[in-house]
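**Student:** Okay, handing you the structure first.
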Amino acid sequence: MLIDTHTHLYSEQFAEDITEVIARAKANGVERFYLPAIDQSYTERMLNLEAQYPEEMFAMMGLHPCSVHPDTLASEMAHVREWIDKRDFKAIGEIGIDLYWEKAYLKEQQDAFKTQIEWAKEKNLPIVIHCRDAFNEVFEVLEEVKDEKLFGIFHCFSGTKEDAQRAIDFNLKLGIGGVVTFKNGKIDQFLNEFEIKHIVLETDSPYLAPVPFRGKRNESSYLKHVAEKLVDVYQLSEQEIAEITTKNALEIFER
């Protein structure tokens, strides 16, 4: 069994063929799908998909850093809080800092990130971190809030060897997806220096499709290509990669 620890299957890109997309994923061994939240405009779609596939789909709740805007921040954060008090979720995510698209709201992003980490600890939930062009800023916040209750996944890890070690030191697994198959991704050059117990698999569908689908819509069935790349990186069989990364994912989400 493979687990896609990070997939936005509820997004518009799958509106026309979600049934086929899920069937293809299952045919390729992917049996569980964890759905990261974006903002309140997507909550209904995400929860509807989870309700349609209660054995396979598992929702998170959180505010994506790209949806942090001063005008809507209060209502978005209230929405997250309302939902985590209303029902159980598998994680608080995806949360974090993104300075690729917008640098003006760093303070707001940091505050939202920190608040949501505290909520995760309060609920004994993992966090799922989004970080783009913001490793130092993310680590700065983690440094402030770290304790034995902090755990989760550093989603779509694309940093340096040093960044990987820092993430692991914060009790975070590395979410490995399509980037590991890219020629310029570089993480495949040092990943095997970290034990595979620190790795979980993800697609981040519909984004970041692995080679040979790079540039196209990503989907959960392509997780197989990520797993195959890790066969090379770790010199383990595909079955071993599947077993270990599945165990790692369940340790995070199904404590």
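**Student:** If I model a spin label as a point 7 Å beyond the Cα along the Cα-Cβ vector, how far apart are those points for Lys247 and Arg81 in nm?
**Tutor:** So the two model labels end up 4.1 nm from each other.
**Student:** What is the packing order of peptides 132-138, 91-97, 80-86, taking the mean over residues of other C-beta atoms within 10 Å and listing the highest first?
**Tutor:** Working: 132-138: 18.3, 91-97: 29.0, 80-86: 14.7.
Highest to lowest by the protection proxy: 91-97, 132-138, 80-86.
**Student:** Evaluate the relative contact order of the stretch 146-255 (contact order divided by residue number), counting alpha-carbon pairs under 8 angstrom at least 6 apart; express in whole percent. Each step should come with its number before you reach the end.
**Tutor:** On the way: 159 pairs, mean separation 25.2, N = 110.
Relative CO of the stretch 146-255 lands at 23 percent.
**Student:** Under 1.5 on a/c is rounded, so check that first for the stretch 151-255, then, if it is not, pick prolate when a/b is larger than b/c and oblate when it is not; a ≥ b ≥ c are the square roots of the alpha carbon gyration tensor eigenvalues.
**Tutor:** Working: a/c = 1.38, a/b = 1.26, b/c = 1.10.
Rounded.
**Student:** Follow-up. Under 17 Å Cα-Cα from Lys103, which aspartates and glutamates qualify once same-chain neighbours fewer than 8 residues away are excluded?
**Tutor:** Asp71, Asp111, Asp133, Glu137, Glu140
**Student:** Let me ask something else. Taking only the alpha-carbon atoms of the chain, what semi-axes of the equivalent ellipsoid follow from 5 times the gyration tensor eigenvalues under a square root, in whole Å, largest first? Walk me through the intermediate numbers first.
**Tutor:** Values: eigenvalues 132, 95, 58 Å².
Here the semi-axes work out to 26, 22, 17 Å.
**Student:** Would you mind estimating how fast the stretch 1-151 diffuses translationally, via Stokes-Einstein at 25 °C and 0.890 mPa s with the Kirkwood radius over Cα pairs, in µm²/s? List each step's numbers first, then the result.
**Tutor:** Values: Rh = 16.0 Å.
Translational diffusion coefficient: 154 µm²/s.
**Student:** What is the chain's relative contact order, in percent, from Cα pairs under 8 angstrom and six or more apart in sequence? Walk me through the numbers before you get to the answer.
**Tutor:** Values: 482 pairs, mean separation 52.8, N = 255.
Over the chain, the number comes to 21 percent.
**Student:** Kindly report the accessible area of the stretch 18-91 per residue (heavy atoms of protein chains, probe 1.4 Å, no ligands, DNA or RNA), in Å².
**Tutor:** Numbers: 3390 Å² over 74 residues.
Result: 46 Å² of accessible area for each residue.
**Student:** Which lysines, if any, have their Cα less than 24 Å from the Cα of Lys229, not counting same-chain residues under 8 positions apart?
**Tutor:** The qualifying lysines are Lys26, Lys161, Lys173, Lys183, Lys186, Lys197, Lys216, Lys247.
**Student:** Okay, next question. Across the Cα atoms of the stretch 200-255, what radius of gyration and what greatest pairwise Cα-Cα distance (Dmax) are found, in Å?
**Tutor:** Calculated on Cα positions, Rg and Dmax stand at 12.0, 36 Å.
**Student:** What does the net charge come to around Phe253 if you take all other residues with beta carbon closer than 15 Å to its beta carbon, with K and R at +1 and D and E at -1?
**Tutor:** Neighbour charge sum, excluding Phe253 itself: -4.
**Student:** While we're on this one: State, to one decimal in nm, how far the label point of Lys107 lies from the label point of Gln165, with both points 7 Å from Cα in the Cβ direction.
**Tutor:** That separation, rounded to one decimal, is 3.5 nm.
**Student:** Follow-up question, since we're still on this one. Round to the nearest 0.05 the FRET efficiency obtained for Arg255 and Asp71 when R0 = 35 Å and r is the Cβ-Cβ distance.
**Tutor:** Numbers: r = 36 Å, r/R0 = 1.04.
After rounding to 0.05, the efficiency reads 0.45.
**Student:** Per residue, how big is the convex hull of the stretch 138-197 when only Cα atoms are used? Give it in Å³.
**Tutor:** On the way: hull volume 4.8 nm³, N = 60.
In the stretch 138-197, the Cα hull volume divided by residue count equals 80 Å³.
The values are calculated or read from the model by the stated rules, or taken from the named source; none is laboratory data. Please read these numbers as outputs of a predicted model, since none were measured by experiment. We place every Cβ from the backbone using ideal geometry, glycine too, and count neighbours over all the protein chains shown. With ligands, DNA and RNA removed, areas are computed over all heavy atoms of the protein, side chains included. Shrake-Rupley method; radii C 1.70, N 1.55, O 1.52, S 1.80 Å.
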